[in-house]
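Since the structure comes first, as structure tokens, the remarks are kept for the end.
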Amino acid sequence: MPRYDFRCRSCGATFELSRPMARANDPAVCPQGHPDTVKLLSTVAVTGAAGAAAPAPSGGGGGCCGAAAAADRPRGDGTSEATVHRKVTARRK
Ligand SMILES: [Zn+2]
């Protein structure tokens, strides 16, 4: 169950509550009994968002470099290249 941090605007105390996500925005009452509280961004939520966004997609760059290397590779005699072109043409039909 996620934990949410609240701050009391009456006495300035901060406190934590564990509650279902569906009730995340329900009003919380300060441990001192003050009803005037605001929900803070919880540490758990911030960490989760950062972790989800952190892994940068590296597959695109690697694939691009690999394709360029393959295109630059000497193909040898012209016979094999002609064979490749024929295969591509046949696939298009
Ligand atoms: Zn309070």
Query raised in the report: To the nearest 0.05, how large is the calculated FRET efficiency for His34 and Met1 if R₀ is 30 Å and r is the Cβ-Cβ distance?
Result: 0.80
Query raised in the report: Expressed in nm to one decimal, what extension gain is obtained for the pair Asn25 and Ser10 from 0.36 nm per residue of sequence separation less their Cα-Cα distance?
Result: 3.5 nm
Report task. Note down the nm distance, to one decimal, between modelled labels 7 Å out along Cα→Cβ at Leu41 and at Val88. Result -> 4.9
**Report entry** Under Karplus coefficients 6.51, -1.76 and 1.60, residue-wise ³J(HN,Hα) of region 10-23 in Hz, glycine/proline x
**Finding:** 7, 10, x, 6, 10, 8, 10, 10, 9, 7, x, 4, 4, 10
Report summary line: Here region 26-35 yields Karplus 3J(HN,Hα) values (6.51, -1.76, 1.60; θ = phi - 60°; whole Hz; Gly and Pro given as x) of 5, x, 10, 10, 4, x, 7, x, 7, x
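Laboratory data are not the source of any read-out in this text; all were calculated from the coordinates shown. All of these numbers come straight from a predicted model, not from anything done at the bench. A quick note on method: Cβ atoms are made from the backbone with ideal geometry, for glycine too, and the neighbour counts reach across all protein chains shown.
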